[in-house]
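All remarks here apply to the structure that follows.
The values are calculated or read from the model by the stated rules, or taken from the named source; none is laboratory data. Quick caveat: nothing in here was measured; it's all calculated off a predicted structure. Cβ coordinates were reconstructed from backbone atoms using ideal geometry, including for glycine residues, and neighbour counts include every protein chain displayed. Ligands, DNA and RNA are excluded from the accessible area calculation, which covers all protein heavy atoms including side chains. Shrake-Rupley method; radii C 1.70, N 1.55, O 1.52, S 1.80 Å.
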Amino acid sequence: MGKRVAIVGAGVSGLASIRCCLEEGLEPTCFERSNDIGGLWKFLDHAEEGRASIYQSVFTNSSKEMMCFPDFPYPDDYPNYMHHSKLQEYIKTFAQKKNLLRYIQFETLVSSIKKCPSFLVTGQWEVVSEKDGKQESTIFDAIMICSGHHVYPNLPTDSFPGLHQFQGHYLHSRDYKDPDAFKGKRVLVIGLGNSGSDIAVELSRLATQVVISTRSGSWVMSRVWDNGYPWDMVYVTRFASFLRNALPSFVSDWLYVKKMNTWFKHENFGLMPLNGSLRKEPVFNDELPSRILCGTVSIKPNVKEFTETSAVFEDGTVFEAIDSIIFATGYDYAYPFLDDSIIKSRNNEVTLFKGIFPPLMEKPTLAVIGLVQSLGAAIPTADLQARWAAKVFANSCTLPTTNEMMDDIDEKMGKKLKCMFFSFLRFGQSQTLQTDYITYMDELGSFIGAKPNIPWLFLTDPQLALEVYFGPCSPYQFRLMGPGKWDGARNAILTQWDRTVKPTRMRAVGKAQRPQHFYNLVRILSFPVLLLAVWLTFY
């Protein structure tokens, strides 16, 4: 009889965890407080306590070939960027095809997870769940927390003097659903992230005036890149990752700004980060630049203070007669059913090895799935995290020692603090260090033997190797070899461009031109080589 695993949440991370537990012969039980799967992608016309919430107009920022479960491609007629309803349809199909629904207890709240008295020996947990007002206590051998990080809104009211006297209406973006209530209004959006940008653009069609307030600006990036292909199909490649990691940051940043003219750098609009670094996570929005040019959206610096009807910005300008304020200020991490010391084991900070395992646990029987954020899609990341965690629980894979895990955490934290320190010295603002998607995925893949062996592929299958290394780092790569290998992975990789083009081919035209990686490399390197030649000639 396999070990019993409790899974909290039936979003994409929870579904990936159920499937991976089954692959390892474990017995999963998933607790979902709502009546449906999908988590963040299950749209409701109102926000519910304890559940993620999205607005009606949400589309994905990752393309379909880059955000699928790695052995379950989207239908080829699905659009590359999907409305939330289309993604929810895919999630439901995945759960049904993989027969996962039978392992989910719906409308069941997890109220407590505690170590059993015998934890030092057994590593077991006591899970208290509640349904229809009745509580039930169950013992599990392992825990997978998949409750997401878009649940508890960060509403920094204390950071804005005078907000208490503001006579208008203010809310967090979590409570925003559609623009109808803001017709003819003057609206201030605080925050220039993806949600803030989306909401501001949508409001600009109905509101009288929309202003975005941002502390540090941002890079605004289009979803559409070279030759009309999705941005991540062109940018998220192993070759591009090699350049980003091998070259000094200012060189790799310059190369990609020159190569990808869809990066939207506009100091005049106030959008660019203060340090102009590509290391800051970009914002994806195809319409924001044009809305600014049309005058329906304006960009302002941070709010210094509020009055009864106005906002005074740090540059001294004032936005008057405000009707509504929308705080697109992100979310806090919280696991109310779990002792904080388990996840935040040091200095009240989230301390997890590879963003998954608490390093100081006596027994490695708890994993957090889906917490790590990188410039990559959530579904394949959660799938690989869950595969690793399930193997650890099944004793087919072991973790490093506690000291080794803490050293790894300290090393990454040191890089983060160094980045923040120098950013503060130079620009007066701190920024976080972004996790490179491919580097992170390869790290996870290495633990379970699923990292693609590129040299071996070049020797045995050159056609596939070229696509794996120079083409998009699609999820199929991590089911190509090793445990959990999917027989259809090779074909999925070689046909991924066909599925990308398919939904756009509505009439008979010539053959689509695919990105030319070698040509682009020569093009972007030609200018610095020319400069070097001139310098050698004259000096």
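List the pairs whose first member sits in the stretch 483-510 and is touching a residue at least 24 places away in the same chain (Cβ under 8 Å), whose second member is in a helix (DSSP H, G or I) and loosely packed, with under 13 Cβ neighbours inside 10 Å, and whose Cβ atoms are under 9 Å apart, counting only residues at least 6 apart or on separate chains?
Leu494/Gln463; Thr504/Gly228
Scan the stretch 138-174 for residues that are out of contact with any Ser or Thr (no Cβ under 8 Å at 6 or more places or on another chain) and small (Gly, Ala, Ser) and report the count.
2
Scan the stretch 328-365 for residues that are in contact with a helix residue (DSSP H, G or I) (Cβ under 7 Å, 6 or more places away or on another chain), hydrophobic (A, V, I, L, M, F, W, C) and in contact (Cβ under 8 Å) with a residue 60 or more places away in the chain and jot them down.
Ala328
Of the conditions (1) within 19 Å of Gly148 (Cβ to Cβ); (2) open to solvent by 40 Å² or more (accessible area, probe 1.4 Å), Thr29 clears all except one; give me its number.
The number of the failed condition is (2).
Can you tell me which residues in the stretch 368-398 are under 25 Å from the mean Cα position of the chain (by Cα), at pLDDT 95 or above and hydrophobic (A, V, I, L, M, F, W, C)?
If the condition is that a residue be under 25 Å from the mean Cα position of the chain (by Cα), at pLDDT 95 or above and hydrophobic (A, V, I, L, M, F, W, C), then Val368, Ile369, Ile379, Ala382, Leu384, Ala386, Trp388, Ala389, Ala390, Val392 are the ones that fit.
Check whether at least one residue in the stretch 63-71 is out of contact with any Ser or Thr (no Cβ under 8 Å at 6 or more places or on another chain), surrounded by 18 or more Cβ atoms within 10 Å (Cβ to Cβ) and more than 30 Å from Gly193 (Cα to Cα), and report yes or no.
yes
Could you say whether any residue in the stretch 217-235 is over 24 Å from Thr500 (Cβ atoms), among the small types (Gly, Ala, Ser) and surrounded by fewer than 22 Cβ atoms within 10 Å (Cβ to Cβ)?
No, the stretch 217-235 contains no residue that is over 24 Å from Thr500 (Cβ atoms), among the small types (Gly, Ala, Ser) and surrounded by fewer than 22 Cβ atoms within 10 Å (Cβ to Cβ).
Can you tell me which residues in the stretch 178-192 are out of contact with any helix residue (DSSP H, G or I) (no Cβ under 9 Å at 6 or more places or on another chain) and either buried (at least 18 other Cβ atoms within 10 Å of the Cβ) or under 14 Å from Ile299 (Cβ atoms) (or both)?
Passing the criteria: Arg186, Leu188.
How many of the residues making up the stretch 325-362 are within 30 Å of Val211 (Cα to Cα) and open to solvent by 70 Å² or more (accessible area, probe 1.4 Å)?
2
Each row is one residue, and each column tells you yes or no for (1) more than 15 Å from Lys98 (Cα to Cα); (2) not in a helix (DSSP H, G or I).
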{"residue": "Val5", "(1), (2)": "yes, yes"}
{"residue": "Ala10", "(1), (2)": "no, yes"}
{"residue": "Leu15", "(1), (2)": "no, no"}
{"residue": "Ile18", "(1), (2)": "no, no"}
{"residue": "Cys21", "(1), (2)": "no, no"}
{"residue": "Asn35", "(1), (2)": "yes, yes"}
{"residue": "His46", "(1), (2)": "yes, yes"}
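Quick one: how many residues across the stretch 386-410 are within 15 Å of Pro28 (Cβ to Cβ) and not hydrophobic (A, V, I, L, M, F, W, C)?
The total comes to 2.
Taking into account only those residues within the stretch 154-176 that are open to solvent by 20 Å² or more (accessible area, probe 1.4 Å) and either assigned to a loop (DSSP other than H, G, I, E, B) or among the acidic types (Asp, Glu) (or both), which is farthest from Ile356 (Cα to Cα)?
Taking the candidates together, the pick is Gln167.
Of all residues being open to solvent by less than 60 Å² (accessible area, probe 1.4 Å) and among the aliphatic types (A, V, I, L, M) in the stretch 106-133, which is nearest to Gly2 (Cα to Cα)? Just the residue, please.
It comes out as Val127.
Which of the residues spanning the stretch 116-153 are under 22 Å from Trp388 (Cα atoms) and assigned to a strand (DSSP E or B)?
Scanning the stretch 116-153 gives Trp125, Phe140, Ala142, Ile143, Met144, Ile145.
Applying the selection to the stretch 368-391, what residues are assigned to a helix (DSSP H, G or I) and open to solvent by less than 20 Å² (accessible area, probe 1.4 Å)?
Listed by number, the residues that qualify are Ile379, Pro380, Thr381, Ala382, Asp383, Leu384, Gln385, Ala386, Arg387, Trp388, Ala389, Ala390.
May I ask you to verify whether Thr365 is surrounded by 15 or more Cβ atoms within 10 Å (Cβ to Cβ), modelled with pLDDT of 85 or more, closer than 20 Å to Ile190 by Cα and among the β-branched types (Val, Ile, Thr)?
no
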